[in-house]
Amino acid sequence: MKKLILLSLLFISTLFTSCNTSSNHYWIDNPTNEPITVYIDDTAYEIPAMTKIDIDLEYGKHQLKYNDQELTFHNGGRVNKKQVIINPTQSTYVFMAHKFINENDERATDEYIEWAMKQQNDSLRLKVNDTITTIFVPFKITNQLFITKGDFDWQYNIEEPMPEGITLSPPIITSRNRSLQNDPNYQAGKFQETLFKLYREQEFKDYVKQASDDKIEFLLEKTPYAELPKLKIELTKLKDITDPEYKQKLEDHVHLFYQWLDMKGSKSTTGLKEVLMGQQLTTLRSEFSKKHSDDYSFNQATNEFDEQMAPFMRYQLNIIENVNK
């Protein structure tokens with residue numbers, strides 16, 4: 001049974017030959033069988049069953065409410081433009097690897113296919129035919145509130161069908177790889193490629209039914225909004241800075257960062273580029289080092305701040321505490 005699922009879900013196709021979003025543009029998806037209402041700030045979004053809607057969301061702090069739950073989140077889209085799907089129902093989505101192989105290529109051996117299957121697989125605990133088991137499968141699952149391409153870099157989105165085949169480009173000879181032009185493997189070009197698709201849970205189960213009679217149930221639990229982890233700055237090394245002047249400068253820097261978290265629209269980055277991109281801290285570190293060559297207290301404190309600030313720069317949407325500082 002485990003082998004059947006593994007082989008069924010690794011999608012291997014015969015290749016055939018065939019001839020921005022804006023930084024504040026998002027989808028809210030409702031993969032359930034009932035209509036839902038989602039509130040962002042003072043706007044109510046009515047979303048029919050099995051439907052996603054497009055919204056434009058200004059930069060800055062927002063309130064999200066759904067089904068008697070609410071939380072505060074921040075849109076930092078100016079510093080990260082990767083696509084995000086808002087999942088207010090905390091439904092399960094599947095991030096699936098589809099491998100396309102040219103079966104006529106001599107490199108497409110059974111040994112290669114077996115190796116490729118292992119490379120794409122991840123261990124996952126799930127229920128198969130009423131039995132809870134852990135198996136290796138070529139997909140990942142998530143029920144995150146914000147599903148971002150920073151975590152799951154898919155080529156095909158929900159409601160986008162996977163192609164039946166793809167066209168592989170021939171190798172391109174450049175000055176950097178000219179030494180490979182006589183390599184027969186390079187001249188042959190690609191004979192395989194892996195593409196990734198994001199599925200709603202039911203869409204994925206319908207896909208599985210095409211190849212297997214096994215019934216799959218995922219075991220993800222939903223975390224209440226109030227218990228979802230929140231990004232925040234909690235500096236433990238600030239107190240260790242030996243120079244009061246630079247301790248105050250770091251405190252001022254953190255205060256500016258919290259101002260950014262509380263701003264809206266185009267104001268959210270006006271005059272704060274040096275704070276968000278780290279130029280200001282780099283200058284302060286250099287000054288402190290010249291003044292205190294053997295003292296690393298300021299560097300340690302600013303490194304801690306950098307580490308805690310990094311996720312705000314990495315992801316467009318982040319859950320934060322509703323606290324003005």
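The values are calculated or read from the model by the stated rules, or taken from the named source; none is laboratory data. Just so you know, these numbers come straight off a predicted model, no measurement behind them. For neighbour counting, all protein chains shown are included, and Cβ atoms are generated from backbone atoms with ideal geometry for every residue, glycine included. Calculation scope for accessible area: heavy atoms of the full protein, side chains included, ligands and nucleic acids excluded. Shrake-Rupley method; radii C 1.70, N 1.55, O 1.52, S 1.80 Å.
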Farthest toward the dipole's positive end in the stretch 195-267, which of 241, 260, 218, given Cβ charges of +1 (Lys, Arg) and -1 (Asp, Glu) about the Cα centre? 260
accessible surface per residue for the stretch 51-162, probe 1.4 Å, DNA/RNA/ligands not counted, whole Å² -> 46 Å²
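Greater than 24 Å separation of Cα atoms is the criterion. Which listed pairs, 232/291; 239/291; 99/222; 52/190; 65/127, meet it? Walk me through the numbers on the way to the answer.
Working: 232/291 30 Å; 239/291 19 Å; 99/222 31 Å; 52/190 36 Å; 65/127 32 Å.
With Cα atoms farther than 24 Å apart: 232/291; 99/222; 52/190; 65/127.
Rounded if a/c is under 1.5, else prolate if a/b is larger than b/c, else oblate: which is the stretch 94-158, with a ≥ b ≥ c the root eigenvalues of its Cα gyration tensor? Kindly include the intermediate steps, with their values, before the conclusion.
Working: a/c = 2.89, a/b = 1.38, b/c = 2.09.
Here the stretch 94-158 falls in the oblate category.
When you count, for each residue, the other Cβ atoms within 10 Å and take the mean per peptide, how do 36-44, 254-262, 196-204 rank with the highest first? Mind showing how you got there, number by number?
Numbers: 36-44: 13.7, 254-262: 16.8, 196-204: 20.6.
Averaged packing, sorted descending, gives the order 196-204, 254-262, 36-44.
For the stretch 192-325, with every protein chain kept in place, what is the accessible area per residue (1.4 Å probe, Å²)? Each step should come with its number before you reach the end.
Working: 7530 Å² over 134 residues.
Computed with neighbouring chains in place, this is 56 Å² per residue.
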Give me P(r) over the stretch 23-119, computed from all C-alpha to C-alpha distances, binned every 10 Å, as integer percentages. 13, 34, 20, 14, 14, 5, 0
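Can you send over the carbon and sulfur percentage of the accessible area for the stretch 189-325, probe radius 1.4 Å, protein chains only?
Numbers: 3700 of 7690 Å².
Roughly 48 percent, rounded to a whole number.
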